[in-house]
Number of protein chains: 2
Amino acid sequence: MTDLLNKTISAIEWLDYRLMEKIQKRLDNLTKPQGSLGRLEELAKHIAGIIGKEKVSLKHKVIFTLAGDHGVTAEGVSAYPKEVTPQMVYNFLRGGAGINVLARQTGARVVVVDMGVASELRIADCQMRNFRDYKINLGTDNFTKGPAMSRADAVKSVECGIKLVEDEYPKGMDIVGTGDMGIGNTTPSAAITAVLTGQPIETVTGRGTGLDDVGLSRKIAIIKKGLEINKPNPKDVIDVLDKVGGYEIGGIAGLILGAAARRVPVVIDGFISGAGALMATAMAPQVRDFIIASHCSVEIGHKAALFRMGLTPLLDLNLRLGEGTGAALAMNLCESAIRILNEMATFGEAGVSEK
Amino acid sequence: MTDLLNKTISAIEWLDYRLMEKIQKRLDNLTKPQGSLGRLEELAKHIAGIIGKEKVSLKHKVIFTLAGDHGVTAEGVSAYPKEVTPQMVYNFLRGGAGINVLARQTGARVVVVDMGVASELRIADCQMRNFRDYKINLGTDNFTKGPAMSRADAVKSVECGIKLVEDEYPKGMDIVGTGDMGIGNTTPSAAITAVLTGQPIETVTGRGTGLDDVGLSRKIAIIKKGLEINKPNPKDVIDVLDKVGGYEIGGIAGLILGAAARRVPVVIDGFISGAGALMATAMAPQVRDFIIASHCSVEIGHKAALFRMGLTPLLDLNLRLGEGTGAALAMNLCESAIRILNEMATFGEAGVSEK
């Protein structure tokens with residue numbers, strides 16, 4: 001590992017438990033039966049404990065949508081052609097995708113990142129503001145024929161995620177959401193999830209954008225082949241990323257580490273972000289406390305990933321779009337939680353009798 | 001039943017299935033794998049089918065928080081004194097309660113209604129704008145000693161709910177949320193739920209604002225006594241409301257009927273609203289299609305009520321506050337769903353390849 005990665009990991013501290021006790025007292029003193037706002041109350045306390053400040057505001061919300069392509073799509077693992085990856089990047093930058101719609105609603109800015117799209121993007125000048133070029137390569141290599149990337153590029157992808165946080169932090173970043181775009185990326189995510197949770201491939205591999213039964217069987221066989229050929233070492237996260245990963249997945253791992261090091265709550269999206277989070281928590285177990293799980297994806301492997309990390313998702317709405325859409329929806333709940341903490345009257349203020 | 005109630009029930013039509021097919025086609029044409037936004041897509045289609053217009057906007061959101069007191073509190077069924085009901089009404093009108101905070105976030109106006117608070121309220125002139133006086137009585141009677149109210153007042157409470165919709169509709173009402181406030185009101189709600197779902201009292205009675213085990217046993221015994229003494233007829237909803245109901249619960253049933261008659265989607269809150277919805281759907285089964293279940297309450301009887309109506313809640317956040325707080329949170333998801341429908345680019349518009 002390199003300096004930036006090591007420095008970031010060692011900068012990650014603990015939640016501020018003393019502050020969280022104080023927040024609990026305030027929550028218990030608001031005009032409602034104690035605990036009656038359930039997970040919203042836990043969320044408020046959690047967010048305050050991450051940020052480490054008594055007065056929390058979630059004014060500046062950022063969602064990073066990281067894009068990358070995957071050599072393994074040559075094996076026919078996706079229902080969509082890989083041209084869709086750059087086409088969707090353009091869609092993100094024009095504001096027409098699902099993530100744009102939901103981010104506008106929650107008041108988050110969307111930062112679109114090329115981590116390894118398999119074509120040279122032509123971004124209009126007026127759209128550069130929301131775009132970051134961290135392209136490592138023109139897509140990964142086909143992992144059924146050898147490693148998906150070099151070890152150096154695996155480290156680089158994680159470090160790019162850290163740098164994204166560092167670049168963006170000065171512009172205001174009270175909470176971060178992770179998102180992904182990459183045709184075929186449920187395949188490397190399933191491979192990573194299988195290795196890092198120890199689950200059989202079959203129980204962590206889903207239909208992605210819409211495979212039929214035959215397609216699903218083929219996808220499972222391809223992942224099996226990739227793991228047999230590459231033999232990723234489950235004790236060495238960078239090796240797993242190198243052998244069967246994706247640039248955007250490594251980038252998400254880096255985002256999570258970078259945000260945690262800055263005490264910024266990270267709302268993770270679905271299956272791809274879950275694979276990134278598995279890598280981040282394997283590198284630095286204490287990072288788990290800085291993660292908020294937005295939703296439970298339709299992709300079956302996501303449950304195993306969340307269970308491995310001990311995270312309980314806020315939403316369960318049968319989502320499987322990615323892009324950060326689930327994270328955007330959950331940011332609304334984070335906002336609700338913090339507003340409850342900041343705006344509700346106490347029993348004393350409102351003149352309401354207690355038990 | 002009276003004219004207003006009969007007229008309202010017979011005005012309730014069906015969802016617009018032809019329009020819903022059209023909406024499905026649009027959803028399938030947006031830049032995402034078909035169905036990948038899961039319940040958000042179903043919700044968009046559902047809301048459009050209720051409203052019956054192709055261009056849906058949820059600009060005008062209204063949450064009704066109906067307050068009433070309960071004679072059965074004399075038996076010690078709640079952890080809080082009944083003075084809290086009017087105190088919370090004042091808190092609602094000053095904007096300091098949970099429902100105010102969450103309604104502000106989702107952009108809903110809160111209309112606070114006195115359906116039967118057990119004291120004369122003194123509302124400041126400046127707060128009258130958000131207040132409606134539909135007081136039927138100074139609280140219900142203790143249902144362990146006879147009926148909670150007269151049959152005429154039971155009908156009146158439902159009709160007040162209908163009138164609330166009629167009064168408010170001209171001011172703009174694209175979607176409605178139901179909410180409640182009333183110390184002790186999980187007791188009549190459990191009684192109603194037991195009668196209308198056919199479940200044993202024990203399986204639909206919870207801890208309300210925080211009873212211990214002894215308190216819970218006593219609450220169950222009190223409900224049992226109430227049902228034995230009053231013998232409400234499960235085939236006659238008004239008899240059930242009359243014998244073991246509450247004014248705010250009847251009012252919620254009326255709100256649901258009135259909104260459905262106007263083709264306004266109704267987002268129901270938790271256990272108390274669920275009891276009101278059970279009554280509304282027993283009076284007019286087709287009203288069920290106009291209801292959106294916001295969340296699954298901690299109160300165990302709510303599951304039975306939702307199951308009886310065939311409704312699947314959007315959220316499961318361990319809430320048990322009432323007031324309409326769950327409805328306010330779910331309105332955010334309704335807004336998300338409609339924004340997806342209205343704002344996302346199609347494959348054609350965005351130049352994205354299909355499968």
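The values are calculated or read from the model by the stated rules, or taken from the named source; none is laboratory data. Keep in mind the model is a prediction, meaning the values are calculated, not measured. Virtual Cβ from ideal backbone geometry, glycine too; neighbours counted across all protein chains shown. SASA here: full protein model, heavy atoms, side chains in, ligands and nucleic acids out. Shrake-Rupley method; radii C 1.70, N 1.55, O 1.52, S 1.80 Å.
Confirm whether A:Met88 is over 30 Å from B:Tyr90 (Cβ atoms) and assigned by TED's automatic domain parsing to the domain that holds A:Met149. Yes; evaluated as a whole, the condition is true for this residue. Could you say whether any residue in segment A:60-79 is under 17 Å from the mean Cα position of the chain (by Cα), at pLDDT 95 or above and of a type in the set (Phe, Trp, Tyr)? Checking segment A:60-79: at least one residue is under 17 Å from the mean Cα position of the chain (by Cα), at pLDDT 95 or above and of a type in the set (Phe, Trp, Tyr).
Just checking, how many residues over segment B:284-322 are more than 11 Å from chain A (Cβ to nearest Cβ) and under 18 Å from B:Leu15 (Cα atoms)? Quick ask: steps written out before the conclusion?
Let us first name the residues in segment B:284-322 that are more than 11 Å from chain A (Cβ to nearest Cβ), namely B:284-294, B:300-311.
Next, only the ones that are under 18 Å from B:Leu15 (Cα atoms) stay: B:284-293, B:309-311.
So the count comes out to 13.
The single condition among (1) within 14 Å of chain A (Cβ to nearest Cβ); (2) part of a loop (DSSP other than H, G, I, E, B) that B:Leu43 does not meet is (2).
Any residue in segment B:92-104 that is under 24 Å from the mean Cα position of the chain (by Cα) and more than 14 Å from chain A (Cβ to nearest Cβ)? Before the answer, list the steps.
Quick first cut of segment B:92-104, residues under 24 Å from the mean Cα position of the chain (by Cα) only: B:92-104.
Narrowing the set further to residues that are more than 14 Å from chain A (Cβ to nearest Cβ) leaves none.
Checked against the condition, which is being under 24 Å from the mean Cα position of the chain (by Cα) and more than 14 Å from chain A (Cβ to nearest Cβ), segment B:92-104 yields no hits at all.
The set of residues in segment A:69-103 being in contact with a Phe, Trp or Tyr (Cβ under 7 Å, 6 or more places away or on another chain), within 19 Å of A:Gly324 (Cα to Cα) and in contact (Cβ under 8 Å) with a residue 12 or more places away in the chain consists of A:Leu93, A:Ile99.
Tell me yes or no: at least one residue of segment A:334-348 is of a type in the set (Gly, Ala, Ser), open to solvent by 10 Å² or more (accessible area, probe 1.4 Å) and within 14 Å of another protein chain (Cβ to nearest Cβ). Spell out the reasoning first.
Pass one, segment A:334-348, residues of a type in the set (Gly, Ala, Ser): A:336-337, A:345, A:348.
Imposing the further condition that a residue be open to solvent by 10 Å² or more (accessible area, probe 1.4 Å) reduces the set to A:345, A:348.
Remaining after also requiring within 14 Å of another protein chain (Cβ to nearest Cβ): A:345, A:348.
Looking for residues that are of a type in the set (Gly, Ala, Ser), open to solvent by 10 Å² or more (accessible area, probe 1.4 Å) and within 14 Å of another protein chain (Cβ to nearest Cβ), one finds at least one in segment A:334-348, hence yes.
Which one is nearest to B:Asn137 (Cα to Cα), of the residues in segment B:70-91 that are more than 7 Å from every other protein chain (Cβ to nearest Cβ), out of contact with any Asp or Glu (no Cβ under 6 Å at 6 or more places or on another chain) and not small (Gly, Ala, Ser)? Outline the logic, then answer.
Narrowing segment B:70-91 to residues more than 7 Å from every other protein chain (Cβ to nearest Cβ): B:70-78, B:82, B:85-86, B:89-90.
Checking which are out of contact with any Asp or Glu (no Cβ under 6 Å at 6 or more places or on another chain) leaves us with B:70, B:72-78, B:86, B:89-90.
Retained after the next criterion (residues that are not small (Gly, Ala, Ser)): B:70, B:72-73, B:75, B:77, B:86, B:89-90.
Numbers: B:His70: 10, B:Val72: 15, B:Thr73: 16, B:Glu75: 19, B:Val77: 20, B:Pro86: 14, B:Val89: 16, B:Tyr90: 19 Å.
It comes out as B:His70.
When we screen B:Leu66, B:Leu58 for residues that are of a type outside the set (D, E, K, R), more than 10 Å from chain A (Cβ to nearest Cβ), crowded, with 24+ Cβ neighbours inside 10 Å and touching a helix residue (DSSP H, G or I) at 6+ places or on another chain (Cβ under 9 Å), the only hit is B:Leu66.
Against the condition open to solvent by less than 10 Å² (accessible area, probe 1.4 Å), more than 7 Å from chain B (Cβ to nearest Cβ) and either at pLDDT below 95 or out of contact with any helix residue (DSSP H, G or I) (no Cβ under 6 Å at 6 or more places or on another chain) (or both), how does A:Gly326 come out, does it pass?
Working: open to solvent by less than 10 Å² (accessible area, probe 1.4 Å): yes; more than 7 Å from chain B (Cβ to nearest Cβ): yes; either at pLDDT below 95 or out of contact with any helix residue (DSSP H, G or I) (no Cβ under 6 Å at 6 or more places or on another chain) (or both): yes.
Yes.
Determine, yes or no, whether A:Glu120 is acidic (Asp, Glu) and touching a helix residue (DSSP H, G or I) at 6+ places or on another chain (Cβ under 7 Å). Criteria not met by A:Glu120.
Residue check: is A:Glu354 at pLDDT below 95, more than 7 Å from every other protein chain (Cβ to nearest Cβ) and either open to solvent by 10 Å² or more (accessible area, probe 1.4 Å) or on the phi > 0 side of the Ramachandran plot (or both)? Yes, satisfied. Please count how many residues of segment B:132-154 are touching a helix residue (DSSP H, G or I) at 6+ places or on another chain (Cβ under 7 Å), open to solvent by 20 Å² or more (accessible area, probe 1.4 Å) and under 24 Å from B:Ala259 (Cα atoms). The qualifying residues number 4.
If we scan segment B:23-30, do we find a residue that is away from chain A (no Cβ under 14 Å), open to solvent by less than 30 Å² (accessible area, probe 1.4 Å), of a type outside the set (Ser, Thr, Tyr) and more than 27 Å from A:Ala328 (Cα to Cα)? Looking for residues that are away from chain A (no Cβ under 14 Å), open to solvent by less than 30 Å² (accessible area, probe 1.4 Å), of a type outside the set (Ser, Thr, Tyr) and more than 27 Å from A:Ala328 (Cα to Cα), one finds none in segment B:23-30, hence no.
Taking the criterion of being surrounded by fewer than 21 Cβ atoms within 10 Å (Cβ to Cβ) and among the acidic types (Asp, Glu), the residues of segment A:155-176 that qualify are A:Glu166, A:Asp167, A:Asp174. Taken over segment B:177-229, the criterion of being outside any loop (DSSP other than H, G, I, E, B), polar (S, T, N, Q) and open to solvent by 10 Å² or more (accessible area, probe 1.4 Å) is satisfied by B:Thr186, B:Thr197, B:Thr203, B:Ser217.
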